[in-house]
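J.: Below: one structure in structure tokens.
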Amino acid sequence: MSLDMNVFVEDLSDSIIPEILKRLNDFDMKVEIHPDFSFQTQTGFLPFKFTLENSKFDILKDKELLSGFELYIDDYDFQKEKKHLQSKKNLFQKIFNKQTETEKRLSKCTKVLNFNWHLDITFELRFVLLTSAIITEITNGVRHDPATDYWYENKNIVKEAFEDVEKFELSVSHDRLRFHEFEGW
């Protein structure tokens, strides 16, 4: 099953990559991102090499693992999107009339990052939730879950993302654990 998460940002620069990595390493793992990664050229699978520091699964102890997600970056035009949503009056009112702060932040956004992942690979959720939350926080962007039509608040977004990761990973049984060992870039 494939899922999506969107992050809308005002500006997107490779200068935030070190901060993303630094923050990812705060969450019980040692992480590296593919050395050729750039927001300017990214399309498709974005791999992360990582080791977990505190896993409930003994089989993962001291293993270098590979995970990631698909990342696509497109231009975003708030006025065009707003006009489109106004033609669907109820949807427009549902999204923007209740979320004026979200609308203000969205009006400044010029890019949308689409994160796509699969729940059957255990650690993809970890990287999608944490990376999208960290980017949202760093850029003062807006994160949106299209499946639930939920617009996230930026306050505590990274902390809440990690709590969701922990809940999910603790719910995974040994027979449902799916991972890839790192074999090289």
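The values are calculated or read from the model by the stated rules, or taken from the named source; none is laboratory data. Bear in mind the structure is a predicted one, so any value in this text is a computation, not a measurement. Here the Cβ positions follow ideal geometry from the backbone for every residue, glycine too, while neighbour counts run over all protein chains shown. Note: accessible area is taken over every heavy atom of the protein model, side chains too, but ligands, DNA and RNA are not part of it. Shrake-Rupley method; radii C 1.70, N 1.55, O 1.52, S 1.80 Å.
J.: Check which residues have an amide H placed less than 5 Å from Lys111's amide H, if you skip close sequence neighbours.
T.: Val9, Tyr76
J.: Sticking with this structure for a sec: Using θ = phi - 60° and the Karplus curve 6.51 cos²θ - 1.76 cosθ + 1.60, what whole-Hz ³J(HN,Hα) does each residue of region 155-171 get, with Gly and Pro shown as x?
T.: Per residue, the Karplus-derived 3J(HN,Hα) values read 5, 6, 4, 6, 4, 5, 4, 5, 4, 5, 4, 4, 4, 4, 5, 5, 7 Hz.
J.: Moving on. How far apart, in nanometres, would the label points at Asp149 and Glu166 be if each is projected 7 angstrom from Cα along the Cα-to-Cβ direction?
T.: 3.2 nm
J.: If you don't mind, another one. Near the amide H of Phe48, under 5 Å away, which other amide H atoms are found, from residues 5 or more places off or on another chain, if H is placed in the peptide plane?
T.: Ser67, Gly68
J.: Out of residues 5 or more away from Glu64 or on other chains, whose amide H comes under 5 Å of its own, with H placed 1.01 Å from N in the peptide plane?
T.: Long-range HN contacts for Glu64: Phe182.
J.: In a GNM of the chain with a 10 Å cut-off on Cα contacts, which of Arg143, Arg105, Arg126 has the highest mean-square fluctuation?
T.: Arg105
J.: Just grab the label-to-label distance for Phe182 and His118, each label 7 Å out from Cα along the Cβ direction, in nm (one decimal).
T.: 2.2 nm
J.: Can you give me the % of accessible surface on region 1-88 that is carbon or sulfur? Probe 1.4 Å, all protein chains present, nothing else counted.
T.: Carbon and sulfur together cover 45 percent of it.
J.: Quick one: 3J(HN,Hα) in Hz for region 113-121, Karplus 6.51/-1.76/1.60 with θ = phi - 60°, rounded, Gly and Pro as x.
T.: The phi angles translate into 9, 10, 9, 10, 8, 10, 6, 6, 9 Hz.
J.: Right, here's the next one. What ³J(HN,Hα) values, in whole Hz, does the Karplus curve 6.51 cos²θ - 1.76 cosθ + 1.60 give for region 19-36 when θ = phi - 60°, with x put for Gly and Pro?
T.: For region 19-36, the Karplus curve yields 5, 4, 4, 4, 5, 4, 6, 7, 10, 6, 7, 10, 10, 10, 9, 3, x, 8 Hz.
J.: Okay, moving on. I'd like to check one number: the per residue accessible area of the chain, probe 1.4 Å, reported in Å² as a whole number.
T.: On a per-residue basis, 56 Å².
J.: Just subtract the alpha-carbon distance of Asn25 and Lys108 from 0.36 nm times their residue separation and send over the number in nm, one decimal.
T.: Once the chain is fully extended between Asn25 and Lys108, it gains 26.9 nm.
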